[in-house]
Amino acid sequence: MASEDKVGASASALQPTDDENSKSCWVCFATEADDRLAAWVQPCKCIGTTKWVHQSCLQRWVDEKQRGNITRKVLCPQCKAEYIVVFPSMGAFVALLDALEEITHKISPFIAGGVLLGSIYWIAITYGAVTVMQVVGHREGLEMMESADPLVLLVLLPTIPVTLISAKMYNWEDSVLLFLRKYCAKIPALAYILPFGNVEGDRGAIVSGQHNNTNQTTTHHLSPTRIFCSALLLPTISTIIGKIFFRSVQNNLHRTILGGLTYITIKGALKIYHKQMLYIRHSSRKILDYTETNLKLYRSNISSNEAVSNNDSEQVI
């Protein structure tokens, strides 16, 4: 607002005046006659009536522009000259405090980052230790870690959650599904287990090509929270399944491995089946003629789907 007023005042300054040396503040528009005791300053290269401004008004205007950062440069909105702002010397002790404040301001982000990384590191160590005791057994895990070198534990334990999350990011189900589509679609026995559907040639090729491109960039659409939770819960789920279905196995590690393999296999098979059914549904879709019959059928399907979803939400509530 003050800059616009100053531009207008500069335009009026081009017109001949009776007294070019008269002082008029471009911030508050007060003149020298309004306040004889006010301090005036000519802070820039402007000429005419816009070269004068109250010291106090300019101080407030500079404060608004700096927004608490006293080192920020402030320019004249008209001539773009930098204001010369100086501070009085407050002594060596205040200068030392200023330097300490500046150093603290600069190193604080690095300290916060170090604390965050350290916290993540110790959380990873704790998770790794709990996982070891959960997989091989509480007593066996404690004995194993007590007999190991502490430096080795500090290096190996954090790699357990990192390895689980990294392995979870690889979708082996997509590779298996592509292999089945490419080589096993003509095997009658597999048709009862994994339906390949009756897809028209051109449409099937287009959808298959889209699916292949999607698989190449599938890592860009993965949910970080889903990967994180699934990876870190894998040891617990494996232990539970191992205790339920493999009670005859005495070794805790072997029982947990069998439980994990069972869980991964069943889950992968269900994901492969689900993706194949979605592939068939997508590749078998059709666009109908815009007729009254088809329009009524389409609207009735939408209404029935909405009613089903509403009933499900009411039951959940």
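Restricted to region 167-180, and to residues that are without any contact (Cβ under 8 Å) to a residue 60 or more places away in the chain and open to solvent by less than 70 Å² (accessible area, probe 1.4 Å), which residue is farthest from Pro235 (Cα to Cα)?
Taking region 167-180 and keeping what is without any contact (Cβ under 8 Å) to a residue 60 or more places away in the chain, we get 169-171, 175, 178-179.
Subsequent filtering for residues that are open to solvent by less than 70 Å² (accessible area, probe 1.4 Å) retains 171, 175, 178.
Details: Asn171: 18, Ser175: 24, Leu178: 28 Å.
Among those that are without any contact (Cβ under 8 Å) to a residue 60 or more places away in the chain and open to solvent by less than 70 Å² (accessible area, probe 1.4 Å), it is Leu178.
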| message | With the requirement that a residue be in contact with a strand residue (DSSP E or B) (Cβ under 6 Å, 6 or more places away or on another chain) and not aliphatic (A, V, I, L, M), what does region 27-41 give you? | response | Thr31
| message | Here are the criteria: (1) free of Cβ contacts under 8 Å to residues at least 24 places away in the same chain; (2) part of a helix (DSSP H, G or I); (3) open to solvent by less than 80 Å² (accessible area, probe 1.4 Å). Tell me which single one Lys106 does not satisfy. | response | (3)
| message | Criterion first (under 26 Å from Pro158 (Cβ atoms), open to solvent by 70 Å² or more (accessible area, probe 1.4 Å) and out of contact with any Ser or Thr (no Cβ under 9 Å at 6 or more places or on another chain)) does Arg281 satisfy it? | response | no
| said: Condition first: outside any strand (DSSP E or B) and farther than 23 Å from Ala81 by Cα. Now tell me which residues in region 31-42 satisfy that. | reply: Glu32, Ala33, Asp34, Asp35, Arg36, Leu37, Ala38
| Which condition number in (1) at pLDDT 85 or above; (2) farther than 15 Å from Glu173 by Cα is the one that His220 fails? | (1)
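Matching residues to (1) part of a helix (DSSP H, G or I); (2) surrounded by fewer than 14 Cβ atoms within 10 Å (Cβ to Cβ):
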residue: Val27; (1), (2): no, no
residue: Cys44; (1), (2): no, no
residue: Asp63; (1), (2): yes, yes
residue: Gly68; (1), (2): no, yes
residue: Gln78; (1), (2): no, no
residue: Val86; (1), (2): no, yes
residue: Ser89; (1), (2): no, yes
residue: Val94; (1), (2): yes, yes
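The values are calculated or read from the model by the stated rules, or taken from the named source; none is laboratory data. Predicted, not measured: the structure shown is a model, and the values here were computed from it. Cβ: placed from backbone, ideal geometry, glycine included. Neighbour counts: every protein chain shown. The area values use the complete protein model at the heavy-atom level, side chains included, leaving out ligands, DNA and RNA. Shrake-Rupley method; radii C 1.70, N 1.55, O 1.52, S 1.80 Å.
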